[in-house]
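Below is one structure, written out as structure tokens; the observations come after it.
The values are calculated or read from the model by the stated rules, or taken from the named source; none is laboratory data. None of these values were measured; they are calculated from a predicted model. Here the Cβ is made from the backbone with ideal geometry for all residues, glycine too, and neighbour counts use every protein chain on show.
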Amino acid sequence: MLTKNSTTLSAHWSSLGSQQTESSNNVYTLTATMKPLGKIEGLAKGEQIYSTRFIGDRLYMVTFR
């Protein structure tokens, strides 16, 4: 059995100035014992994940700015 997970690293303001970092999105697949099988990082920069659906080996992901 595989575990599939998606994450959003939220944007935040720098305490050293008025610079804002962009949000970043990641997708991970893990075994039942939580060992990593695969990953995709840095998807849809500047957006946030609102919904994901894994159907077989395909991911459908909805993001919003």
When you check GLU22 against the structure, is it surrounded by 10 or more Cβ atoms within 10 Å (Cβ to Cβ) and modelled with pLDDT under 85, yes or no?
yes
Subset of the range 21-65, residues among the polar types (S, T, N, Q) and either closer than 11 Å to LEU9 by Cβ or in contact (Cβ under 8 Å) with a residue 60 or more places away in the chain (or both), comes to THR21, SER23, SER24, ASN25, ASN26, GLN48
Before we move on, is LYS45 out of contact with any helix residue (DSSP H, G or I) (no Cβ under 7 Å at 6 or more places or on another chain), at pLDDT 70 or above, basic (Lys, Arg) and part of a loop (DSSP other than H, G, I, E, B)?
yes
Name the residue that is nearest to SER23 (Cα to Cα), counting only residues in the range 48-65 that are part of a strand (DSSP E or B) and of a type outside the set (A, V, I, L, M, F, W, C).
GLN48
Can you tell me how many residues in the range 40-54 are polar (S, T, N, Q) and exposed (fewer than 13 other Cβ atoms within 10 Å of the Cβ)?
1
